[in-house]
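Each value in this text was obtained by applying a stated rule to the coordinates, not by laboratory testing. Only a predicted model underlies this, so the values are computations on that prediction, with no experimental measurement involved. FYI the Cβ positions are ideal-geometry reconstructions off the backbone, even for glycines, and counts take in every protein chain you see.
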Amino acid sequence: MQRIDQIYIDGAFVTPHGTEMFDLFNPATEQVIGQVRLADEQDAQRAIAAAKRAFASYARTGKSERLELLESMANAVEAREDDLYEAIIDEYGSPVSRARWMAKYASSSIREAAKVLRQYEFTRRINSSEVVMQPVGVAGLITPWNANAHFISNKLATAMAAGCTTVIKPSEMSAIQTQIMTEALHTAGVPNGVFNIVTGRGDPVGATISAHPDVAKISFTGSTAVGKSILRAGAESLKRITLELGGKSPFIVLDDADFAEAVPLALQAGFMNNGQACIAGTRILVPQARLAEFEAHMRELVERTQSGAPRDPATVIGPMVSEKQWQRVQRYIRVGIDEGARLLTGGEGRPDGLASGWFVRPTVFSDVRNDMTIAREEIFGPVLSIIAYRDLEEAIAIANDTTYGLQAYVVSTNYARAREVASRIDAGRVMINGLTHDPAVPFGGFKQSGIGREYGTQGLEAYLEPKAVMGVV
């Protein structure tokens, strides 16, 4: 059993002031595999002070120096890819097929931030003035458990590319992954205090970072409810805040779609990352005239979709990350049944043959109305809702009838038609006939899916303030 009893402040591993020990579980076995000692408010304050001291000099570094640091960081994280891969399987429960991609993405996201930095101009001439893009200050980076290493890498690399110093609060549920990342980054030669990592609970550590007057910027990925609390906490000091929050993404199947392609794509979009993905396409909009045909295809493929041991190559869906998350998903399945949705396949309990582990039966409801709970609230598990529509106008209306707006999907054999539908969907990203990720373009949400954007030039500028220097000769 692994015991993690240090955090990272001012370039060194230190013992936290906090004393609470938190159990770490393998969600496939429900067994404790480690413990982490959690940081507290005092630790967060120490980390913020270290970042503030480091900012004075780091903010004045040039592009070439930052690029060298990012390359060193990417190499150091890449060298620990196999360790990270094992931790992602054991601590999170990712199937092996996805875990390797997740482990690789930790280093590649640092390199993507470097690409943006390489082409970015921090000073621009306008008339007789110069507009200088200046780092905003100390950045608080608060990351979730469903893609821990990636979020740490992307947020940290982008903040450092901008010239900011950072305090990172990762999820306490991902402490083994965080330890690997911290050890790797420690070897990269980053100046002391430029990044600090304090693993602890949202309250008090996240709350301290969100409210502290010496933190100028917050970047948070997580639930909408917590995002709202961070926004309120940051208001007193007018922090610059980026929030990437929840989603209830529509997957729009147009009436000319080829179901042999559309149904497998819908399952990939809905069940990705064990269903624990903010961008999951959990509302599947299907033309009423082809509903029975779509249901038949869907039932056949879902019943062949394996939810089980992450190390089995045939597994598509691993366990929920915790018992609490498993119970949450079970409750939503019961609510769907109670509100009158028709259970097409799946249902409550574990998949057949599994007596333990936080596994969920891949579940699909049909006859779902868009006002039902399972169509309104983010479940964060492998539970999908099929919603029938009469015509294209109703499909677009249903797709946009949500408090969220993070991502959407459109499937059609007519690209021009799909492109027109995409233009009318209120979402930060819309995928046409596929699932793809382009780290060069912005990512973020409309409405209650967030504020601001990450990735690409827009993501970098979220850590910068424009300053006009006027009267330049």
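Phi-derived couplings, Karplus 6.51 cos²θ - 1.76 cosθ + 1.60 at θ = phi - 60°, listed residue by residue for the stretch 10-27: 6, x, 9, 7, 10, 6, x, 5, x, 10, 5, 9, 10, 6, 10, 10, 8, x Hz, with x used for Gly and Pro. For ILE218, the residues 5 or more places off, or on other chains, whose built amide H falls under 5 Å of its own are GLY140, ARG240, ILE241, THR242. Mean separation of Cα pairs under 8 Å and 6 or more residues apart, divided by the residue count, gives the stretch 198-310 a relative contact order of 22 percent. Taking amide H as placed 1.01 Å from N in the peptide plane, LEU285 has its amide H under 5 Å from the amide H of PHE251, ILE252, VAL253, ILE387, each at least 5 places away in sequence or on another chain. For the pair the stretch 61-128 and the stretch 299-350, the centres of their Cα atoms are 33 angstrom apart. Applying the criteria of a DSSP loop state and at most 10 other Cβ atoms within 10 Å to the chymotrypsin sites (Phe, Trp or Tyr not before Pro) of the stretch 343-395 yields no site.
Across the stretch 201-208, rounded Karplus estimates of 3J(HN,Hα) from the backbone phi angles (6.51 cos²θ - 1.76 cosθ + 1.60, θ = phi - 60°) give 6, x, 10, x, 5, x, 5, 5 Hz, Gly and Pro being marked x.
The chymotrypsin sites (Phe, Trp or Tyr not before Pro) of the stretch 15-104 include none that DSSP puts in a loop with a beta carbon having at most 13 other beta carbons within 10 Å. Rounded to the nearest 20, the Cβ-based charge dipole of the chain about its Cα centre (Lys and Arg +1, Asp and Glu -1) stands at 1080 debye.
I'd like the GluC sites (Glu not before Pro) in the stretch 213-294 restricted to DSSP loop residues with at most 14 other Cβ atoms within 10 Å, sorted by number. Before the final figure, lay out the partial values.
On the way: sites: GLU236, GLU244, GLU261, GLU293; in loops: GLU236.
Here the GluC sites (Glu not before Pro) that fit, given the DSSP loop and packing criteria, are GLU236.
Which of the helices in the chain meet the span-like rule: DSSP H, Cα axial reach of 20 Å or more, Kyte-Doolittle mean at least 0.0? Sorted by number, the helices that extend far enough and score high enough are 148-162.
Taking the beta-carbon count within 10 Å as an exposure proxy, list LEU117, LEU301 from fewest neighbours to most.
Values: LEU117 20, LEU301 16.
Taking fewest neighbouring Cβ atoms as first place, the list is LEU301, LEU117.
By DSSP, the beta bridges lying fully in the chain are antiparallel in about 40 percent of cases. Calculated on the alpha-carbon coordinates, the convex hull of the stretch 246-374 measures out at 108 cubic angstrom per residue. Ranking of ILE451, ILE48 by neighbouring Cβ atoms within 10 Å, starting from the fewest: ILE451, ILE48.
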